[in-house]
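Take a look at the structure below.
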Ligand code: 8X3
């Protein structure tokens, strides 16, 4: 059975991906919220073998230590899903909190680099390694008030493209997934728990769900070995670009 390593598995797209992959993969579920990880492990362990790793992707030392301390039987990883990431605030650059800007670079860019570096030695061992990076439409289009969030996702896009060069010789496929509006905890985190403001992002149309993105990830993973889905942009039907959403 193949093994999938999923970051940000405590909720949203990460948890939905764990659920969709469970029948075919052993799962290494990573995240910061131990309770959520354990609940998902309990839910899925009648379907597959599951282990959990509780760490913050920003904590470089812990990322490497935890991954290098995986039991030997889990040190052969087929699929890495770099899903951990979020947005903090939606403000003009000059008004944004510097700590929020740093957090987005630290989590979305540096955290992804740490996890990928730490997992790669165990991925390169496998026959059909595959990395899936969760970017965003924000990585393709910069929008007002999103300067550093968009920059962090543009970096993810570049890393996906670069890894395709770097890992070509190792036969590892790299898929970049760029969602538009997906209703998860994303906006609650961006707006720091302001539920009304978060809900307003998804009003007047049907947004994507975490399951919609998980099924795109499964689609990329389920291709024959010679097929590499390089890039997938996914919008709700009502969305035409990063900033154009038709609401009723
Ligand atoms: C999440 C989607 O539209 O807020 O990355 O950039 S958006």
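The values are calculated or read from the model by the stated rules, or taken from the named source; none is laboratory data. It should be emphasised that the depicted structure is a prediction, and the values quoted were computed from it without experimental measurement. Don't worry about glycine lacking a Cβ; one is built from the backbone with ideal geometry, like all the others, and counts go over all protein chains shown.
So the values come out like this:
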{"item": "Tally, over the range 11-48, of residues that are without any contact (Cβ under 8 Å) to a residue 40 or more places away in the chain and surrounded by fewer than 24 Cβ atoms within 10 Å (Cβ to Cβ)", "result": "18"}
{"item": "Residue list for the range 165-186, filter: surrounded by fewer than 18 Cβ atoms within 10 Å (Cβ to Cβ) and assigned to a helix (DSSP H, G or I)", "result": "165, 166, 168, 169, 170"}
{"item": "Tally, over the range 53-96, of residues that are within 19 Å of residue 117 (Cβ to Cβ), in a loop (DSSP other than H, G, I, E, B) and more than 16 Å from the ligand (Cβ to nearest atom)", "result": "11"}
{"item": "Test: residue in the range 128-137 that is over 23 Å from residue 235 (Cα atoms), away from the ligand (no atom under 11 Å from the Cβ), in a helix (DSSP H, G or I) and modelled with pLDDT of 95 or more", "result": "no"}
{"item": "Count - residues of the range 139-155 that are crowded, with 23+ Cβ neighbours inside 10 Å and either under 16 Å from the mean Cα position of the chain (by Cα) or under 19 Å from residue 228 (Cα atoms) (or both)", "result": "4"}
{"item": "Any chance residue 241 is within 14 Å of the ligand (Cβ to nearest atom), exposed (fewer than 14 other Cβ atoms within 10 Å of the Cβ) and within 28 Å of residue 99 (Cβ to Cβ)", "result": "no"}
{"item": "Pairs with Cβ under 7 Å, 6+ apart, first in the range 74-95 and over 18 Å from residue 192 (Cβ atoms), second at pLDDT below 95", "result": "76/125; 76/126; 77/126; 78/126; 78/128"}
{"item": "Single residue of the range 138-149 satisfying the filter (in a helix (DSSP H, G or I) and touching a residue at least 60 places away in the same chain (Cβ under 8 Å)) that is nearest to the ligand (Cβ to nearest atom)", "result": "138"}
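Yes/no matrix, rows are residues, columns are (1) surrounded by 13 or more Cβ atoms within 10 Å (Cβ to Cβ); (2) modelled with pLDDT of 95 or more; (3) more than 11 Å from the ligand (Cβ to nearest atom); (4) within 19 Å of residue 80 (Cα to Cα):
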| site | (1), (2), (3), (4) |
| --- | --- |
| 208 | yes, yes, no, no |
| 215 | yes, yes, yes, yes |
| 223 | yes, yes, yes, yes |
| 227 | no, yes, yes, yes |
| 232 | yes, yes, yes, yes |
| 236 | yes, yes, no, no |
